[in-house]
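Participant: Starting off with a structure, shown below.
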């Protein structure tokens, strides 16, 4: 079966520290992958998406970056965190070649920057 | 790019009543419209979706309607129950271009006993 994992589940980091969040999927090949951020009580903001290994599209210019080193692995990084980076980070995926665009979310990482 | 507006931002209904949430979109190329339910602290869950070649879709107590001419779509929940209380998000996308979803701002639905 197809599943999506994210870790860590929660993270507390000081301002200026680096960040690395990981998302992995199982049970499929060549999925489209997405990173979203949700600030407290707010909507979903698309940060990055990837349609294949090494292919990253950025939606919002900021101090975050993404990488896709393997087909089923998507990583969100930052060199120096800001207070405004706090939020709920969600990875999502679409099964490649599936015409219905159904996007499913991982369990998320709750990041608090102090 | 696509812009999705969602109303109302909060909705309070009595248990057993119906709830309606409305969204409008701007890009006529959009052809896929999902709805997500997000409970507090949890991930959004896809509850129903509709494609542009269909005007209405039902799944038990939930239905979605789409008016392509007017560029709006709505979520209808009948016989609401306390467990329907959550934040609901509409979204729009088109096939291609990474199949990106543009989300509405969300509706906090509260079902009161």
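Participant: Give the residue, chosen from A:15, A:51, that is touching a helix residue (DSSP H, G or I) at 6+ places or on another chain (Cβ under 9 Å) and within 14 Å of chain B (Cβ to nearest Cβ). Break it down into steps so the answer makes sense when it comes.
Facilitator: On the way: A:15 fails: within 14 Å of chain B (Cβ to nearest Cβ).
Every option except A:51 fails the conditions.
Participant: On to the next question. Just for strands (runs of 3 or more DSSP E) wholly inside region B:13-113: which have at least 2 residues that are under 23 Å from residue B:1 (Cβ atoms) and within 12 Å of chain A (Cβ to nearest Cβ)?
Facilitator: Details: elements: B:19-25, B:32-38, B:45-51, B:56-59, B:62-67, B:72-77, B:86-92, B:107-112.
Output list reads B:32-38, B:45-51, B:86-92.
Participant: Filter region A:18-41 down to residues that are loosely packed, with under 13 Cβ neighbours inside 10 Å and within 12 Å of chain B (Cβ to nearest Cβ) and give me whichever is farthest from residue A:111 (Cα to Cα).
Facilitator: A:41
Participant: Could you give me the residue pairs with C-beta distances under 9 Å whose first residue belongs to region B:56-85 and is within 15 Å of residue B:23 (Cα to Cα), whose second residue is in a helix (DSSP H, G or I) wherever it lies, and which are 6+ apart or on separate chains?
Facilitator: So the pair list comes out as B:77/B:84.
Participant: Being assigned to a strand (DSSP E or B) and either in contact with a helix residue (DSSP H, G or I) (Cβ under 9 Å, 6 or more places away or on another chain) or exposed (fewer than 13 other Cβ atoms within 10 Å of the Cβ) (or both) is the filter here, so list the residues in region A:55-65 that pass it.
Facilitator: Residues of region A:55-65 assigned to a strand (DSSP E or B): A:55-58, A:64-65.
The answer is A:55, A:57, A:64.
Participant: For region A:67-81, which positions are within 13 Å of the chain's Cα centre (by Cα) and either farther than 16 Å from residue A:108 by Cβ or within 11 Å of chain B (Cβ to nearest Cβ) (or both)?
Facilitator: A:67, A:68, A:72, A:73, A:77, A:78
Throughout, read-outs are computed from the coordinates displayed, never taken from laboratory work. Computed from a predicted structure; not experimentally measured. Using ideal geometry, Cβ is built from the backbone for each residue, glycine included, and neighbour counts are taken over all protein chains shown.
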